Structure formats: structure tokens, C-alpha cells
Amino acid sequence: MHIAGIDIVILDFDGVILESVDIKTEAFRALFQEHPEHVAAVAAYHRLHGGVSRREKLIAMHRDILGCPLAPDGVDAWCDRFAAIVLQQVLACPFVPGALEFLARHAGAMPLFVASGTPQDELRRIVAKRDLGRYFQGVYGSPATKTAIVADILASTACPPGRAVLVGDSTTDAQAAASLGLRFVGRVPPGEASPFAGNPPLVADLATLTCTKD
């Protein structure tokens, strides 16, 4: 797939660069194993709200699914437990097919950015440990929302929204692109149903995606 008229590319991380979505899903299952009657609902909530920070998800899961809202220090503790489960697995998981080639092919041609729901400090550690920092002009994560991150990238680069593309795998990504006027490409793994409304361009991986200025 060729997307022309692009000056900057913004990529989600989990499910776009790394095949880490299932790792996060299983981490939520493990985290709530003491509440087995709610595990399926927790996993479904996580999948439905891809791109939302784990902090927001944990607050909503406890409030809306378990019916026992968390105190602020309790949220911190649950976030720390989640990070302890996932970090080493994310550091070892495979890349989305074609992702490294996409980054190498485009990094010299236009600015690339990461906009993720993963906590920013953790995200930057992962990017550094996986030797990906050389490809990106900026790597941004929560607590800022996806829309706020993308808006800041557009402002800092003075890029017109119509000259930017957001590549994501969640409805949160698609909504951020639509609200700010960016073009959007959805990544849907082979064999999975598209979660996106409006029939945006879709790719199964990054092997065939090319973005150019002209």
C-alpha cells in the first residue's frame, strides 16, 4: 500500500511495531486471577480500549467491572504489578512483520514518531533496549492521551494534519486521527476482524506499507 503526500508518520507501538498486544491481554488476565469471574470481562475491556493507558483501564476495570473503585495509591500499586508482568516479555517479543524494514526505509525520508498508551518512561526504556531510538524523532506515551500526543506532534513539527498519517491498531488510534484530521492506516493481524468503522485503509503488517512525500 502506497500513501502519498505524507510529511510525518506517527505509529502506535503495541500491535504496530511489536507483536505485544496478546502479552498485555494475558497480563490483565494474570493480574485479575484472584477474581476469576471477572477475568473475561477484564480482557474484553482491554481489547476494546486499545491505545488507552493502563492506568485509565485499571481504574475503569475496578470501578465498572469489579464494583470496587481504587484509591490513588492503589492504582499505582496495580500499575506496578502490571509492569512487572509485561516488561521482560515485551523486551523479548517479535516485531510485527515488516516493521523494522518500514522504520529503516522511512527514517531517512521523513520524521517518524511513536504515540502509545504505554507509560512514557517504560516505553522509552523498551525503545532504547530494542535499539529503536535511532529511527524516531520522538517517542511519547501516557499519561497524555493519544489525541493530545498527536496534537503536540503536529504542533511541534508545524505539519498540516492532512500531510500526516497515523498507523494504529485500535479504535482509539482511529478516533485520534479523525478528531485531528490526520490520515489513518489500520493494522489488523491476519485472520482477525477489523475493529474500525468507515473502511479505512488496512494492512496485515508493515511489509507492504510505503509512505512518500509526493
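In the range 1-56, Rg over Rh equals 1.16, where Rg is the alpha-carbon radius of gyration and Rh the Kirkwood radius from pairwise Cα distances. Evaluated at q = 0.15, 0.17 Å⁻¹, a Debye calculation over the C-alpha positions of the range 64-214 (equal weights, vacuum) places log10 I(q)/I(0) at -0.92, -1.16. Put a dot 7 Å past the Cα of ARG81, heading toward its Cβ, do the same for ALA128, and the two dots end up 2.8 nm apart. Based on protein heavy atoms only, the chain ends up with 45 Å² per residue of surface accessible to a 1.4 Å probe.
Lysine pair count for the chain with Cα-Cα distance under 22 Å and sequence separation of 8 or more or different chains is 4.
Which residues' amide hydrogens lie under 5 Å from the amide hydrogen of GLY141, considering only partners 5 or more residues apart or on another chain, with H built in the peptide plane? Residues meeting the amide H criterion: SER116, GLN120. Here the extension length gained between ASP22 and ALA41 equals 5.3 nm, from 0.36 nm per residue of separation less the Cα-Cα distance. Stretching the chain fully between THR210 and LEU100 yields a gain of 38.3 nm (0.36 nm per residue, less the alpha carbon separation). An ellipsoid equivalent to the range 136-176, defined through the eigenvalues of its Cα gyration tensor, has semi-axes of 16, 13, 9 Å when rounded to whole angstrom and sorted largest first. Taking only the Cα atoms of the range 22-110, the ratio Rg/Rh comes out at 1.09, with Rh defined as the Kirkwood radius. Here r is the Cβ-Cβ distance between ALA193 and GLN33 and R0 is 30 Å; the resulting FRET efficiency, rounded to 0.05, is 0.65. Here the Karplus curve 6.51 cos²θ - 1.76 cosθ + 1.60, taken at θ = phi - 60°, turns the phi angles of the range 103-111 into couplings of 4, 5, 6, 9, 4, x, 9, 7, x Hz, with x standing for Gly and Pro.
In order along the range 50-67, the phi-based Karplus estimate (6.51 cos²θ - 1.76 cosθ + 1.60, θ = phi - 60°) of 3J(HN,Hα) comes to x, x, 8, 4, 4, 4, 4, 4, 5, 4, 5, 4, 5, 6, 9, 9, 7, x Hz; Gly and Pro are listed as x.
As a calculated quantity, the FRET efficiency between ALA148 and ASP7 at R0 = 25 Å, using C-beta atoms, amounts to about 0.75.
For the chain, the share of accessible area belonging to carbon and sulfur comes to 55 percent (1.4 Å probe, ligands and nucleic acids excluded).
The values are calculated or read from the model by the stated rules, or taken from the named source; none is laboratory data. Every value quoted in this text rests on a predicted model; they were computed, and no experiment measured them. Neighbour counts are summed over all protein chains in view; Cβ atoms, including those assigned to glycine, are modelled from backbone coordinates with ideal geometry. Ligands, DNA and RNA are excluded from the accessible area calculation, which covers all protein heavy atoms including side chains. Shrake-Rupley method; radii C 1.70, N 1.55, O 1.52, S 1.80 Å.
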